[in-house]
Amino acid sequence: MTTIFIISAPSGSGKSTLVNVVRCTLPNLEFSISYTTREPRGAEKNGCEYFFITREQFEEMIRDDEFLERANVFGNYYGTAKRFLNKAAADGKDLLLDIDVQGAQQIKAKLPEAVSVFILPPNRAELERRLRERSQDSEEVIQKRLKAAGREIENYWKYDYILVNDRLEDSVDTLNAILLSERLRRNGRADASLSARADSCRLEQIRERIQPILRSFGDTAASGQ
Ligand code: ADP
Ligand code: 5GP
């Protein structure tokens, strides 16, 4: 049985960094390459980070019912093709989706057994530092992303796990623990120590720790739930 893992995060939190490590270290995990109508950025290549298509092509795929989920993010279409799930199932693999909050909700509504993880930065100042350090965006885009982050973060409580990406090595180990413990539990082979590490990211356990992070993004983010 294929397990779908959903990862969402505000831009700059370190999601791509974490996903790239997990993709290389965890066996039997397929990564779904999304379709998007946005322009490629930097060194992005068609079929690598995304399939870059036109609005017309995207709309044709909608008509042909090819998407498992889709959303409009920052004015562009993004969508996960059903064929990635079909292929993972045929190959006996799990599937990792890097999608936004709207997409995560659509998947959870259709497939409630999917596992969702929300990645938080340690605070707003560190998110700003990481966005600048990545030096991919103009000052205007950085400010836009920071504003959007405040809104996206309000949705943290809708996820099964909340991972604060502070020290990278710790975050990699914790994300691996979440994916592996879910996998083992579903195969009837639960591992107590992996499960304990994963459960430290459950809302009940992490609620106190994330309060200052949410407050650093302002009152709206803090009052999310
Ligand atoms: P996202 O995919 O969430 O937009 P990236 O993975 O591109 O974010 O990371 C944004 C920047 O932060 C990159 O320069 C990355 O190297 C850095 N980064 C990621 N995780 C950490 C971490 N735990 N500590 C410090 N820097 C990090
Ligand atoms: P970016 O343009 O920075 O690569 O991605 C912008 C946002 O779109 C990110 O939050 C990313 O997770 C989300 N995203 C990427 N692919 C998909 C997808 O197929 N579906 C949905 N719903 N969101 C996606």
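The values are calculated or read from the model by the stated rules, or taken from the named source; none is laboratory data. Computed from a predicted model, the values in this text were never measured in an experiment. Backbone-built Cβ (ideal geometry, glycine too); neighbour counts: all protein chains shown.
Annotations for the structure displayed:
- Taking the range 35-57 as the range and being in a loop (DSSP other than H, G, I, E, B) and within 8 Å of ligand 2 (Cβ to nearest atom) as the test, the residues that pass are ARG38, ARG41, GLU49.
- Neighbours by Cβ (under 7 Å, 6+ apart or cross-chain): first from the range 18-34, closer than 17 Å to VAL172 by Cα; second among the hydroxyl-bearing types (Ser, Thr, Tyr): LEU18/SER171
- Residue match in the range 81-88 (condition: more than 14 Å from ligand 1 (Cβ to nearest atom) and in contact with a helix residue (DSSP H, G or I) (Cβ under 8 Å, 6 or more places away or on another chain)): yes
- Residue check: ALA192 meets all listed conditions (1) within 16 Å of ligand 2 (Cβ to nearest atom); (2) exposed (fewer than 14 other Cβ atoms within 10 Å of the Cβ); (3) small (Gly, Ala, Ser) but one, namely (1).
- Selection of the range 59-102 for residues being in contact (Cβ under 8 Å) with a residue 60 or more places away in the chain and within 11 Å of ligand 2 (Cβ to nearest atom) yields PHE74, LEU97, ASP98, ILE99, ASP100, VAL101.
- Across the range 1-34, the qualifying residues are those that are in a strand (DSSP E or B) and surrounded by 20 or more Cβ atoms within 10 Å (Cβ to Cβ), and the one among them that is farthest from ligand 1 (Cβ to nearest atom) is ILE4.
- Scanning the range 74-100 for residues that are under 26 Å from CYS24 (Cβ atoms) and among the hydrophobic types (A, V, I, L, M, F, W, C) gives ALA81, PHE84, LEU85, ALA88, ALA89, ALA90, LEU95, LEU96, LEU97, ILE99.
- Contact annotation: residue pairs with Cβ atoms under 7 Å, 6 or more positions apart or on different chains, pairing a residue in the range 46-58 that is at positive phi with a partner that is at pLDDT 95 or above and within 14 Å of ligand 2 (Cβ to nearest atom), are GLY47/ILE33.
- Qualifying residue in the range 198-214 (condition: part of a helix (DSSP H, G or I), touching a Gly at 6+ places or on another chain (Cβ under 8 Å) and not aromatic (Phe, Trp, Tyr)): yes
- Residues of the range 184-208 satisfying the condition of being modelled with pLDDT under 95 and of a type in the set (Lys, Arg): ARG185, ARG186, ARG189
- ASP173 meets the conditions (1) closer than 24 Å to ARG207 by Cβ; (2) crowded, with 16+ Cβ neighbours inside 10 Å in every case but one. The failed one is (2).
- One residue from ALA109, ALA81, ALA43 being out of contact with any Asp or Glu (no Cβ under 8 Å at 6 or more places or on another chain), modelled with pLDDT of 95 or more and of a type in the set (Gly, Ala, Ser): ALA109
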